[in-house]
Amino acid sequence: MEYKDSDLVLEVSKNVNPAVWDEGFFQNFFELLFGKRSYQKEAAEVALRFLNSGEYQDISALAKENFERNEVIRARWSNDFSIMQSDLDLSDKLSATLDLATGTGKSYVMFAIALVMLATKRVSRVLVLVPSVTIESELTQKFKNLLGNQQLLKTLGDNFVPPQILNGDSTLVENSIAIENRNAIYKAQSARNSIVDSLKGNGEKTLVLNDEVHHVYYSETNEWKNFIEDERSNNINFKYVIGVTGTAYKGKNKSGNDYFSNVIYRFSLRDAIEQGFVKDIEYISKEDIPKDKDERWQVILNSHEDIASHIPEELNIKPITIIVTSKQNLADSQAKAFKKFLKIQRNLTDSEVDNMVLSVHSGQNAAIDRMKLSKVNDKGNPVEFIFSVSMLTEGWDVKRVFQIVPDDERAFNSKLLIAQVLGRGLRVPEGWDASKWGTPTVTVFNHEKWSANVEVLVNEVLEIRQRITLSVNHESNYNFSLTNVKYSSKPDTKDYPKMGTYNLWDNGVNLPTDDKFGKSTITLTDIKTNSDRQFQTKYEHELVTVKEMANILYSRFEDLEDREYVSEYQSLWPVSKIQNMIEESLKKSGNSYITKNLKNKFLSSMNVIFRDGSKVVTYDIEPKEFYLVSTAKLPKNTSEISGFRMSKVLFYSSDLEDSLSSDKASLDTFKELTDTSNGYRTKNIDNKYNFKTPQYGIVTTGNPEKEFLYRMTTDVEVIKSIDSFIKSDDMSFYSIDYSWQKGTHYKNGQFNPDWFIKQGNNIIAVEVKDDSQISDPDAENIGKNKAALKHFKLINDYSEKMGELTRYKFTFLTPRDFDIFFKRLSEKNIMTFNSNLDIKLTELIKY
């Protein structure tokens, strides 16, 4: 059974005997303390009702009650209450958790519960356990400030005596609130000190409040339970234990995806965003950020400066970008590298960049920067970039965070860590006037592959198993015919031992098309509205001159082990000849500059001379039959609605709805998909004449496909330049036989190119992949590329022989080359285009 986290919240009965617990006693206190934040009032009321109504002896009683009447909870625990009970830490105590999103004022709720419990004499002491010294200091000051509000305290009655606020090695006297770092308490219990001594015999009259309670489930479980259950036998026997957190997830080794089983109130991240109590969140759903470190930093810095330009001048604040890693040493090393980069980009001194960039974590290396963190909210503070770890135990109350950069996938492999990271940027800056400027937004500059995980946090609607079936318009003028060929292929692998020098560079170096400047286009999706916006920016590639490149290549001959070959290659290829080869290679590929990418291509072209031999895979192909297939024969395509919350997107024009008139189920699904309030991923092409396909609708899977089709249907120059296009079926319609090597054996298969584009007499077949294939291509793609190139060459040779003008072009395309591909397509100069992946796959076929 699928369920939401909110389905697992334990409902505390509202049946309260006023003679036992008078809920009206503290209403004025709540109204003054919480104001319009009704969720804080509800959370405090639920917690106090659970602790004091007398309806529940312990958390097990509440859990049993909910288990019996909540089928979702029963399903989660396999209809076995004993399993659920074993998951309840402190099952024999009045112990529960309040799940309040980060930035929604958990400290106010803790303060309210503490004072009401003291004012009603239910307890005489309150012990607040926090995960760090920093949080201890901040929370202490906040409680003292609230206790200074005399009007607030008067609502608790004339006889109410404000409690003392204690820290450290102090005696926990009656009518006091002790705020203490958890680790210090654990040590105190073991070594004995005045706090532990003062708790003896007073556990049942002491309320324990656990701030950021999720920490105890991944690093402190044993110590925490030992302390609460008093396993060292100090005769404490706590009765009342309430935890608060914004990330109520636990799991072994920080892989927290299991929602707490003892949550009695939840105000989720989604609730907080929709009601405007915290910043809105937008995250990257599609990006083509370069992988080169400095180029990536350029894009992130450009985004940071774009955000800065939109912050109201009246606030006199700079935005902060935080970069989150999984480990302390990574935070330190990344900060050091970024300082070097920023110093050059902004022409800064060492002192200036040190004040602008911090590395914050609990390690000793970050001690100085942790001290600086406390002043980050001050106006005029110079800090703009903070490197941290995902699970930060230190206090984090920074309100001018406007961009979060997840820098390590391992830091975001669970709901717990994702929610922790998002929580860094939720707090609204002081003085922000929402009536003038709207709700502020924090940008999560995440890796594209993390976008589905971000969505999970707000995807609280149970999926219904609905489907939509799309078809092709047989009468459309956008239909066209494709030539296919039936053939057989037989792989032949031969080993060639090294005999003398290789014919290096006789045909130059096969280069992808590149440019001096790169362009990064980023699509950001708003969590609240599910609307997209695009951020485009340029970055400059590192360049080398032809002469520099020639000298670099020439110098590599010295690395050969056999000195005889060194002399021979140097004689064959003096620097001047290498320069000519470089210039000719650049000219052939339409390049004017040598970027870092092209530099690497030139360098890798020398790899062959460092090998002891080579292996060549050849295929004997015999065409059997050439035949035509019309796009009108495209099969129907069916997709489940649930996929449109994750990786699938429906592209369509105004013709789609009419095409579904005879398929009620698909029509109903279409209406639900296109209801913007449901949050499904769709793209309506407003002008149907820009949707130059015979297909009524097209479903893309993954961001590379989504971005490709978005460009095909929104780029005016591209639209004008093409006649028609289709997205081919995954399993049939236009198949190409291929083989690939798996281990020591060859396997045969068929693949269907993703896209066919008709542009005059040219047909461009495109297979879209992720950028990761450029550095580490799958063996199957090597085989596909070899077969496809041979396949379309056969067709082109056949067309020429028959006097036909149609020519085919095949390319393996990744987002890195989208800009150049569509530029060449719009210029009708696509037939000589080579992508980075084309080059990589061709290189691997050769050897």
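The values are calculated or read from the model by the stated rules, or taken from the named source; none is laboratory data. For clarity, every value in this text was computed on a predicted model and none was experimentally measured. Every residue, glycine among them, receives a Cβ derived from its backbone with ideal geometry; neighbour counts consider all protein chains shown.
Computed values, structure above
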item: Segment 496-541, subset in contact with a strand residue (DSSP E or B) (Cβ under 7 Å, 6 or more places away or on another chain), outside any strand (DSSP E or B) and of a type in the set (D, E, K, R), residue modelled with the lowest pLDDT; result: LYS498
item: Test: residue in segment 88-96 that is surrounded by fewer than 22 Cβ atoms within 10 Å (Cβ to Cβ), without any contact (Cβ under 8 Å) to a residue 60 or more places away in the chain and either of a type outside the set (Lys, Arg) or over 21 Å from SER268 (Cβ atoms) (or both); result: yes
item: Boolean, LEU32 is of a type in the set (A, V, I, L, M), buried (at least 17 other Cβ atoms within 10 Å of the Cβ) and closer than 26 Å to ILE179 by Cα; result: no
item: Count of residues meeting criterion [at pLDDT 90 or above, surrounded by 14 or more Cβ atoms within 10 Å (Cβ to Cβ) and part of a strand (DSSP E or B)] in segment 579-628; result: 3
item: Scope segment 37-52; condition surrounded by 21 or more Cβ atoms within 10 Å (Cβ to Cβ) and small (Gly, Ala, Ser); matching residues; result: ALA43, ALA44, ALA47
item: Checklist (1) outside any loop (DSSP other than H, G, I, E, B); (2) over 20 Å from GLY246 (Cα atoms) applied to SER107, failing item; result: (2)
item: Count - residues of segment 409-453 that are at pLDDT below 65, not hydroxyl-bearing (Ser, Thr, Tyr) and not in a helix (DSSP H, G or I); result: 1
item: Cβ pairs under 7 Å, 6+ apart, first in segment 292-316 and outside the structural domain of GLY380 (by TED's automatic domain parsing) and closer than 15 Å to VAL442 by Cα, second of a type in the set (D, E, K, R) and part of a helix (DSSP H, G or I); result: none
item: Residue in segment 78-87 that is over 30 Å from GLY148 (Cβ atoms), buried (at least 17 other Cβ atoms within 10 Å of the Cβ) and free of Cβ contacts under 8 Å to residues at least 12 places away in the same chain present; result: no
item: Conditions (1) under 31 Å from the mean Cα position of the chain (by Cα); (2) surrounded by 13 or more Cβ atoms within 10 Å (Cβ to Cβ): number failed by ASP776; result: (2)
item: Any hit, segment 326-334, residues being outside any helix (DSSP H, G or I) and either farther than 26 Å from ASN181 by Cβ or in the same structural domain as ASN183 (by TED's automatic domain parsing) (or both); result: no
item: Residues within segment 509-553 that are farther than 29 Å from ASP817 by Cβ and surrounded by fewer than 18 Cβ atoms within 10 Å (Cβ to Cβ), tallied; result: 2
item: Subset of segment 530-571 that is in contact (Cβ under 8 Å) with a residue 40 or more places away in the chain and of a type in the set (Val, Ile, Thr) - its residue that is nearest to THR595 (Cα to Cα); result: VAL544
item: Which numbered condition PHE708 fails, given (1) in contact (Cβ under 8 Å) with a residue 40 or more places away in the chain; (2) surrounded by fewer than 18 Cβ atoms within 10 Å (Cβ to Cβ); (3) touching a strand residue (DSSP E or B) at 6+ places or on another chain (Cβ under 6 Å); result: (2)
item: Set THR171, THR104: member being in contact with a strand residue (DSSP E or B) (Cβ under 8 Å, 6 or more places away or on another chain) and modelled with pLDDT under 95; result: THR104
item: Residue count for segment 3-20, restricted to those that are touching a residue at least 40 places away in the same chain (Cβ under 8 Å) and closer than 13 Å to PHE50 by Cα; result: 5
item: Wholly enclosed helices (runs of 4 or more DSSP H) of segment 734-847 bearing at least 3 residues among the aliphatic types (A, V, I, L, M) and closer than 28 Å to THR523 by Cβ; result: 836-846
item: Residue within segment 713-727 that is closer than 18 Å to ASN637 by Cβ, in a helix (DSSP H, G or I) and not charged (D, E, K, R) present; result: yes
item: Test: residue in segment 111-125 that is surrounded by fewer than 21 Cβ atoms within 10 Å (Cβ to Cβ), within 18 Å of GLY203 (Cα to Cα) and out of contact with any helix residue (DSSP H, G or I) (no Cβ under 8 Å at 6 or more places or on another chain); result: yes
